[in-house]
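The following block contains the structure, expressed as structure tokens.
FYI, it's all coordinate maths here, none of it is from the lab. Keep in mind it's a predicted model, so treat the numbers as computed, not measured. Glycine also receives a Cβ, built like all others from the backbone with ideal geometry; neighbour counts cover every protein chain displayed.
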Amino acid sequence: MPGSVPPSPAAVDDAPSPVAVSGPAHLLRVTLLMAGSCLPILGAVLIAPVLPRMQDHFASVPGAEALVPLALTVPALALALLAPFAGVIVDRLGRKRLLVVATLLYAVFGTAPLWLSSLGAIIASRALVGVAEAAIMTCCTTLIGDYYTGRRRVRYLALQTMCASASATVFFVLGGAAGSAGWRVPFWVYAVSLVLAPLMAAALPGPAVTGAALPGPVAGRGAAVGRRGFPWRQLGGICALTFFGAMVFYTVPVEMSYLLDDLGVTSSAVIGLATAVASAATVGGAVTFARLRRAPDRMLPAVLAVCAAGFGLMFLAGSAPLLVAGAVVNCVGTGMLLPALLTGAMSRLAFEDRGRGTGLWTAAFFGGEFVCPLVLLGGEAGVGSLAGAVGLLGLACALVAAGLFAAQFLPQPSAGGTPSASNGAL
């Protein structure tokens, strides 16, 4: 869509942010945005350790074997389906108001299984948790894009990835510890959002539309901004890549225990340690990304190549140490991949589009998360082993990386309509 929002620049700028970037208010603002970004992770992993107990409790319910796992996965499906609509609401009603309301509803829906006795009602409440998560994730990410620009935006989007990766391990342990007192007990943790909501209402400023909040060439256009269309073409490419990237991102967390089991490792302690090491590598990758001063689009081929190399090691692994080494390499790459994709999407969005664009990106990411185990299951059926399916995904990563690298050298139409060197736009 020529003339709408320009592709991301070859280098990340350091334009001033429209809010203060130091002091206690700034620290509280960042803390609240990171805490809010962790709530969807809480919904995804907290009850995983208690699923066997839930299965036993509802053993007399027809189809419980299939229905109980839905209590874990249905929030991600609801989030993927509804995030685009949440993005539209964000742009129309405002980021802060929707965030506060959704955070309150998160506590209501999240704690509902404490009092519900029907498995069907519990699954319905979990779907509603996904609705609240769609709004929370979209609002938090949009506000990061609103409040910060340039290197600071890159840093805080990377921090968002770090917090999400680290919190997954914490929440899994917390869910297991709380679940020892009964399968319903972990649902009390969802009430933490009742603490966050009033703090968000008091501490988060309402973002103002300023020149600093917009991509450089868009700012200052005046009435022309209101007439431009939504950048479907530019955002469509990054969303398609995000859908694929989410499958890459979730392969190790979802499949690591099964891969270790195929190698004869059955100890829960060893499996937990291996998963924790991989999670730490994801955090390390996000830290590395935040320190690099290159445009996200330029980094994507190299990042995907690292992910492919990790998958290759996992495919070839004949022992647990080599498998863990491959997982660490892959997770370093995925720790860089998520903020690179998200920063690339943000660079394509003006203030008026940022909520809708973030919603579409969030839908693409969680949609990829939802289909990840299904894709690998199909790959396993085709090649005969889970390791082989991981190897195929690694090959796909390598091909996508090569395609993106080659695309950087193709001529792209410039703003004036004449061909120019590619700047890495997708």
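How fast does the range 24-221 diffuse by Stokes-Einstein, in µm²/s, taking the Kirkwood radius from C-alpha pairs at 20 °C and 1.002 mPa s?
122
Let me ask something additional. Which distance in Å, rounded to a whole number, links the C-alpha centroids of the range 184-198 and the range 301-333?
If we compute the Cα centre of each part, the gap is 36 Å.
Based only on other Cβ atoms within 10 Å, what is the fewest-to-most ordering of Thr242, Thr111, Thr358?
Thr111, Thr242, Thr358
At most 11 other Cβ atoms within 10 Å and a DSSP loop assignment: could you name the trypsin sites (Lys or Arg not before Pro) in the range 239-302 that fit?
Passing sites in the range 239-302 are Arg293.
Out of the chymotrypsin sites (Phe, Trp or Tyr not before Pro) in the range 64-134, which ones are loop residues according to DSSP with at most 16 other C-beta atoms within 10 Å?
Counting only loop positions with at most 16 other Cβ atoms within 10 Å, the chymotrypsin sites (Phe, Trp or Tyr not before Pro) in the range 64-134 are Trp115.
While we're on this one: Using only the Cα atoms of the range 232-420, construct the convex hull and provide its projected area averaged over every direction, in square nanometres to one decimal.
Convex hull of Cα atoms, orientation-averaged projection: 11.6 nm².
Continuing with the same structure: With a sphere of radius 12 Å drawn around the Cβ of Leu323, what net charge do the other residues whose Cβ falls strictly inside it have (Lys, Arg +1; Asp, Glu -1)?
-3
Please find the FRET efficiency linking Thr288 to Ser180, where r is the Cβ-Cβ separation and R0 is fixed at 41 Å, and quote it to the nearest 0.05.
E between Thr288 and Ser180, to the nearest 0.05, is 0.65.
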